[in-house]
Amino acid sequence: MLAYIKGTLEMKMTEYVVIDVGGLGYKVFMSGTGMDQLGEIGNEVKVYTYYRVREDDISIYGFNTNEELRMFELLLSVSGVGAKTALAMLAVCTPSEFVLAIVSEDINVLTSIPGIGPKSAKRIILELKDKIKKEQQIQELTSASKNSKTISETNVKVKQLIEDDNKVQEAIAALQVLGYNKKEIEKAFMKIEKAGLTTEELIKKGLAILAN
């Protein structure tokens, strides 16, 4: 199993790149966005890899970050989603946007991706939501949201704290989708000034810390 490939970027084609490692050229399939991020031919590059073996095909898929790799693996675990569709999603949707769409059940984000219709979007959300046992988390968030609405206007600060906590819990759930455990996420969030941040901003800041 290949964890990553590090070498010289020798070639860029429409759907794949070739990376030279000690005289061996590895053909690595990537999204257009991913290939653009590698830069120019001749650059020293490192891509995280997914080694896919089938009876009629052996292919290597490459990603610039572990989060992109995790997103790809999650998509492949959904029934009816193939490698080409998963790569197409990576070309137009970042991991943070993707996990936010799953947690918030935003079908519109997923259907904006070529090849994903409403039925496929609903299936992706349902199957991935189940993988992180999100049903319980959603119930807790819904309950907290309802409680926040009963707070009087004189308790605006308390209400804001509850709303901020809801966003933090959503961000934690989203990062769990990408394979991080709750303890390391909470540890990362201790380093962030969370007040007033949106869920997406929390996810992005959390990813920046967890990726290092």
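The values are calculated or read from the model by the stated rules, or taken from the named source; none is laboratory data. Please read these numbers as outputs of a predicted model, since none were measured by experiment. Positions of Cβ are generated from backbone atoms using ideal geometry, with glycine treated the same way; all protein chains shown enter the neighbour counts. Accessible surface is based on the protein model in full, side chains and every heavy atom, while ligands, DNA and RNA are left aside. Shrake-Rupley method; radii C 1.70, N 1.55, O 1.52, S 1.80 Å.
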Discussion item. When you check Gln176 against the structure, is it more than 13 Å from Ser96 (Cα to Cα) and not charged (D, E, K, R), yes or no?
Written reply: no
Item to complete: For Met35, work out the one condition from (1) assigned to a strand (DSSP E or B); (2) in contact (Cβ under 8 Å) with a residue 12 or more places away in the chain it doesn't fulfil.
Response: (1)
Worksheet item: From the set of residues in segment 28-39 that are open to solvent by 50 Å² or more (accessible area, probe 1.4 Å) and not β-branched (Val, Ile, Thr), which is nearest to Leu69 (Cα to Cα)?
Response: Gln37
Worksheet item: How do the pairs read when you match residues in segment 197-209 that are within 15 Å of Gly179 (Cα to Cα) and among the hydrophobic types (A, V, I, L, M, F, W, C) with residues anywhere that are open to solvent by 60 Å² or more (accessible area, probe 1.4 Å) and modelled with pLDDT of 85 or more, using Cβ under 8 Å and keeping only pairs 6 or more apart or on different chains?
Response: Ile209/Lys191
Worksheet item: Of all residues in segment 45-85 being in a strand (DSSP E or B) and farther than 26 Å from Leu210 by Cα, which is least open to solvent (accessible area, probe 1.4 Å)?
Response: Ser59
Worksheet item: Out of (1) closer than 28 Å to Gly7 by Cβ; (2) touching a Phe, Trp or Tyr at 6+ places or on another chain (Cβ under 9 Å), the odd one out for Gly82 is which?
Response: (2)
Discussion item. With in a loop (DSSP other than H, G, I, E, B) and surrounded by fewer than 18 Cβ atoms within 10 Å (Cβ to Cβ) as the only criterion, which of Gly42, Gly25 stands out?
Written reply: Gly42
Fill in: Candidates Lys6, Lys12 - the one that is among the basic types (Lys, Arg), open to solvent by 70 Å² or more (accessible area, probe 1.4 Å) and within 13 Å of Asn64 (Cβ to Cβ)
Lys6
